[in-house]
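Just below is one structure, and these are the notes that go with it.
Computed from the coordinates by the stated procedures, all read-outs in this text should not be read as laboratory data. Just so it is clear, the model here is predicted, and its values are computed rather than measured. Don't worry about glycine lacking a Cβ; one is built from the backbone with ideal geometry, like all the others, and counts go over all protein chains shown.
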Amino acid sequence: MKKKLKVFKFGGASVKDAAGVKNVTQILRSYQGDPLVIVVSAMGKTTDALERIVNAHSNKTGEGPKLLEDLKAAHYQIMDELFEKGDPVYDEVNDTFVAVEWVLDEEPHENYDFMYDQIVSAGELVSTRIVAAYLTRQGLPTHWLDARDIILTDDIYREGWVQWEQTIENARSIAQPLLDKGGFVLTQGFIGSTTENFTTTLGREGSDYTAAIFSFCLDGESMTIWKDVPGVLTGDPRIFENVTKLDRLSYREAIEMTYYGAKVIHPKTIKPLQNKSIPLYVKSFINPEGEGTFIGPDVDDLYPPMVAVEKNQALMNISTRDFSFVAEHHMSFLFNKIAEYRLQVNLMQNTAISFAVCVNNNSLDDKVRQFAQDIDKDFKVLIDSEGLELITVRHYTPQTLEMLRQGKIIMVEERTKNTVQMVAKEVPTMKRKA
Ligand code: ADP
Ligand code: ASP
Ligand code: MG
């Protein structure tokens, strides 16, 4: 019987160098002959490097071309370890870098987000060229697919919204026939295209979402995200000791945790999978035999406490200038403005004359301050963004809360049956005068 489609996603950490690409190839060997869509992110920290290039160009610092040269050299070094001299992949990769050079040769585009997407998308375009070529040379025939021919979005740059009908149609008419030919189909995470053929991106860390879009559109049997951790853990191992792996998670639990900053999966990933009951596995590319975490329907386990920490928060305290109550009509105005500035609200609390709201504060843009300025005529806004983080705890215990509060000032706290959320700040340490 014909095997059903699986979708794999390999993130930047898995392909950060030549050894990583070889390891991914090793994992894929055992799936040779299976219908498989492979979604790959930019190598290592390439997207961060490309963001620096965007900013250099936007601020006209003149450093853009040099930064791009360095990034290109890093990719060439990886290719030198993987390919013979003169391999056609060098030209493919070079063409993508040349396209970025052209953007840098022009005046910065007036729409920052548009320019961002045209430059930053290069990371996935080159990584996929390299991985697809390497797999093919290693005897695993692989079709390179341009994700922009499949994923159609609106023209909200840096956060493209998927146009599902057209995307499903494209997946069936373009990706499926490629799969039917045999061989793997390998494509870019994170990127899409508008109807006018301009490149868009789906939001930072969006490659997981890309894999979910393909799983949904092509009715995948399962999706697997390959990570540098054994699976989904009870907290970020870079922040907490003694975290343990969760063997099984419900879609609901996964959505709750990732939305509030569990960096292990992009929050938009779960919904398309849930709609078709497609199971999601999070597995380790370091130990591919490990069981990983299963995320799917019908999981109603008792969960241990799980913690997500989202840094870079801003707490806004909004009050009316005329001392009137913050009533419904104010709320409706404020929420419309919040939506207009695309601020992600993580927590809110209101009293009679003020409204406190905690939002993500992206250092790249200045949306929080712009929002405050926009409403300044009618509302006084006090912004606190110094060292603030949002801590979300599911299935909390008194001990977990106590541990989390240590050394912190809790600015706002909210508690429901299963969840505690706190906006916290480091306690400033006192220093003796010399
Ligand atoms: P990728 O290369 O696939 O994009 P990331 O580096 O973005 O991977 O994400 C993997 C990292 O997420 C892990 O190395 C880990 O430090 C971090 N992480 C944060 N929260 C969790 C969690 N709850 N479980 C597992 N890993 C987590
Ligand atoms: N390369 C993109 C990023 O770093 C997308 C991703 O890795 O998921 O944000
Ligand atoms: Mg990532």
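Can you count the Lys pairs in the range 359-434 whose Cα atoms are under 20 Å apart, with each pair 8 or more apart or on different chains?
Total qualifying Lys-Lys pairs in the range 359-434 comes to 4.
Using θ = phi - 60° and the Karplus relation 6.51 cos²θ - 1.76 cosθ + 1.60, list the HN-Hα couplings for the range 94-101 in order, rounded to whole Hz, with x at every Gly or Pro.
Taking θ as phi minus 60°, the curve returns 4, 4, 5, 5, 5, 4, 5, 4 Hz for the range 94-101.
Check each of the GluC sites (Glu not before Pro) in the range 253-347 and keep only those in coil by DSSP with at most 14 other C-beta atoms within 10 angstrom; list them in order.
Numbers: sites: 253, 256, 289, 291, 310, 328, 340; in loops: 289, 291.
Filter output for the range 253-347: 289, 291.
Residue by residue through the range 121-126, which ³J(HN,Hα) values in whole Hz follow from phi under the Karplus form 6.51 cos²θ - 1.76 cosθ + 1.60 (θ = phi - 60°), with glycine and proline marked x?
3J(HN,Hα) across the range 121-126, in whole Hz: 4, 4, x, 6, 5, 7.
Any idea which of 83, 93, 8 is furthest toward the positive side of the dipole for the range 1-142, if Lys and Arg beta-carbons carry +1 and Asp and Glu beta-carbons -1?
8
Taking H placed 1.01 Å from N in the peptide plane, check which residues at least 5 places from residue 412 or on another chain put their amide H under 5 Å from its amide H.
Excluding prolines and chain starts, which carry no amide H, the hits are 423.
Label-point separation (nm) for residue 94 and residue 351, each offset 7 Å from Cα along Cα-to-Cβ?
Taking the two extended label points, one gets 6.6 nm.
Express in whole angstrom the spacing between the alpha-carbon centres of the range 353-406 and the range 228-258.
24
Taking the Cα centre of the range 1-151 as origin, sum charge times position over the Cβ atoms of Lys and Arg (+1) and Asp and Glu (-1), and report the length of that vector in debye to the nearest 20.
1180
Run through the DSSP bridge list for the range 143-264 and note the antiparallel percent, rounded to the nearest 5.
If I count the DSSP bridges inside the range 143-264, around 55 percent turn out antiparallel.
Enumerate by residue number the trypsin sites (Lys or Arg not before Pro) in the range 1-82 meeting two conditions: DSSP loop (anything except H, G, I, E, B), and at most 12 other Cβ atoms within 10 Å of the site's Cβ.
Filter output for the range 1-82: 2, 3, 4, 60.
Within the range 255-338, list the chymotrypsin sites (Phe, Trp or Tyr not before Pro) lying in a DSSP loop whose Cβ has at most 14 other Cβ atoms in a 10 Å radius. The partial results should precede the final answer.
Working: sites: 259, 260, 281, 285, 294, 323, 325, 333, 335; in loops: 260, 285, 323, 325.
Here the sparse-neighbourhood loop sites are 323, 325.
Against the longest principal axis of the chain, how steep is helix 18-29, in degrees 0 to 90 to the nearest 10, with axes from Cα atoms?
Result, in degrees: 70.
Helix 328-340: angle to the longest alpha-carbon principal axis of the chain, degrees 0 to 90, nearest 10?
Relative to the chain, helix 328-340 is tipped by roughly 30 degrees.
Go ahead and set up a Gaussian network model of the chain, Cα springs under 10 Å, then flag whichever of 128, 351, 269 fluctuates most.
The residue with the greatest mean-square fluctuation here is 351.
Taking H placed 1.01 Å from N in the peptide plane, check which residues at least 5 places from residue 224 or on another chain put their amide H under 5 Å from its amide H.
Amide H neighbours of residue 224: 7, 8, 9, 281.
With both bridge residues required to lie in the chain, what share of the DSSP beta bridges run antiparallel, to the nearest 5%?
60
Treating only the Cβ of Lys, Arg, Asp and Glu as charged (+1, +1, -1, -1), what charge dipole size does the chain show about its Cα centre? Round to the nearest 20 debye.
1380
222 nm [θ] for the chain, helices only, -39500 (n - 2.57) per DSSP H run of 4+, per residue, to 500? The partial results should precede the final answer.
On the way: 14 runs with 153 residues, N = 434.
It comes out at -10500 deg cm²/dmol, rounded to the nearest 500.
Mind checking which of 157, 259, 403 is farthest towards the positive end of the chain's charge dipole, using Cβ charges of +1 (Lys, Arg) and -1 (Asp, Glu) about the Cα centre?
With unit charges placed on the Cβ atoms, the residue in question is 403.
If one computes the Cα centroid of the range 98-130 and of the range 4-55, what distance in Å separates the two points?
20
For the Cα atoms of the chain, what angle does the longest principal axis make with the long axis of helix 207-217, in degrees from 0 to 90, nearest 10?
Value to nearest ten degrees: 70.
Report the number of Lys pairs in the range 52-191 whose alpha-carbons are under 30 Å apart, with separation of 8 or more residues or on distinct chains.
On the way: 60/72; 66/85; 72/85; 85/181.
Number of lysine pairs found: 4.
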